[in-house]
Every structure is written in structure tokens, then in C-alpha cells.
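Peer 1: Just dropping this structure here.
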Amino acid sequence: MIAKYLANYKIKKIAAQPRAKQFIKLSEAKSVGIVFDATDKNEFELVKKFIQQLKEYTKGIHAIGYIDLKVTPNLSYIKTDIDLFNKKELKGLYQPQSPYIKTFIETERDILIDANVKNKLPLKYIAAASKAKCKVGQHTAVNEAMHDVLLNVGENNGLEFFLQQSLKYLT
């Protein structure tokens, strides 16, 4: 429990770091990043479909999916669109350690869509540390400091509704 508290504290400190903020419409975006929980196969498929929808607006889309298991299951996806990581790739305070995640964080994308509707700490860390110009996420007290666009989708609506609302408001 203390580790989660410390991880949330660290995420708040990271989110408070200054960065260049700018609202960018999807049609004007050259690069879009997505962070999501890929543990559930149905939600993984929803994000794959969402990526295809986004490709109508821009080609520069890259997603990072977290699998809350020690082993990554065999899933079919396009490696250039999605990278996956699991519990084995975390250190100390739920912080992801893979080089491709560091690159994802350091790349200044036009838009970051934080589709982490289950509030997984490794994904919160990535979203907080991201250098994206415009960060979009679910409206929660924690996300207020981290995101530029907050979508109030309700607690019971889930990932599919969040993705639909993201597309609606970014277009």
C-alpha cells in the first residue's frame, strides 16, 4: 500500500513539470500517442479498432499497452502501431523500464490519449511523463494536474465510451 502511495506522489510530481501545452485538433495532428490497459482481450481489440479510426485523420499513431500479468499473452497486432509491456518490465514504484517506453515518453507528440480508464499506475506514470503537447484523459481528481482535456465519461461507461468521446471532441 505504501508503494502505491509513493508511486502516486511521484506521478503528481512528474505531472507538475512544465511543458509546452497546445490544443491540437485530430485533423491537424501529425503524431498521436495512446496509453491503455491491454490486459483484457476485448479492450485490446477496442483500441485496435480505435487506432484504425484515427488513421483516417493522421498516420503517426503509436500506442503503448500495459498487460497486468508477468507474461504477455500471444495477441495479434501490428508492431509498428502498438508496443506492449508487462509486470516484469516494471521497477520499484510501478515505473516501466523498457527503452521503447522511454522513447515514447520523450517523443513530443501532438496528442496523447490516456485511455487508462482503470487507473493502472504504470500507465499513469507514462501519461504524466509524456512530452505530448495536448494530453487527453478521463476526468478524475488525479488527472486534473496531468491532462489538458478532461472527458467526464462517468464511472460505469468504460473504455469504449471513452474512446468514442475522445474521437468526438478531438475532431
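The values are calculated or read from the model by the stated rules, or taken from the named source; none is laboratory data. For clarity, every value in this text was computed on a predicted model and none was experimentally measured. For neighbour counting, all protein chains shown are included, and Cβ atoms are generated from backbone atoms with ideal geometry for every residue, glycine included.
Peer 1: Within segment 11-21, can one find any residue that is under 16 Å from Asn116 (Cα atoms) and out of contact with any helix residue (DSSP H, G or I) (no Cβ under 7 Å at 6 or more places or on another chain)?
Peer 2: Within segment 11-21 (the criterion being under 16 Å from Asn116 (Cα atoms) and out of contact with any helix residue (DSSP H, G or I) (no Cβ under 7 Å at 6 or more places or on another chain)), the answer is no, since none of the residues qualifies.
Peer 1: Here are the criteria: (1) buried (at least 19 other Cβ atoms within 10 Å of the Cβ); (2) at negative phi. Tell me which single one Pro99 does not satisfy.
Peer 2: Failing condition for Pro99: (1).
Peer 1: Would you tally the residues in segment 13-43 being out of contact with any Gly (no Cβ under 9 Å at 6 or more places or on another chain), assigned to a helix (DSSP H, G or I) and closer than 26 Å to Leu84 by Cβ?
Peer 2: Number of matching residues: 5.
Peer 1: In segment 106-164, what residues are free of Cβ contacts under 8 Å to residues at least 12 places away in the same chain and either polar (S, T, N, Q) or closer than 23 Å to Thr58 by Cβ (or both)?
Peer 2: Passing the criteria: Asn156, Asn157, Phe161, Gln164.
Peer 1: In addition: Would you check which residues across segment 70-96 are surrounded by 13 or more Cβ atoms within 10 Å (Cβ to Cβ) and free of Cβ contacts under 8 Å to residues at least 24 places away in the same chain and list them?
Peer 2: The answer is Thr72, Asp83, Asn86, Lys87, Glu89.
Peer 1: Can you name the strands (runs of 3 or more DSSP E) wholly within segment 64-171 that have at least 3 residues being closer than 15 Å to Ile11 by Cβ, modelled with pLDDT of 90 or more and more than 13 Å from the chain's Cα centre (by Cα)?
Peer 2: Fully inside segment 64-171 and qualifying: nothing.
Peer 1: Taking the stated definitions as given, is Tyr5 over 17 Å from Lys133 (Cα atoms) and surrounded by fewer than 18 Cβ atoms within 10 Å (Cβ to Cβ)?
Peer 2: In short, yes.
Peer 1: Looking at Glu56, is it part of a helix (DSSP H, G or I), modelled with pLDDT of 90 or more and acidic (Asp, Glu)?
Peer 2: no
Peer 1: Follow-up. Identify, by number, the condition in (1) touching a Leu at 6+ places or on another chain (Cβ under 8 Å); (2) modelled with pLDDT of 95 or more that Ala3 doesn't meet.
Peer 2: (2)
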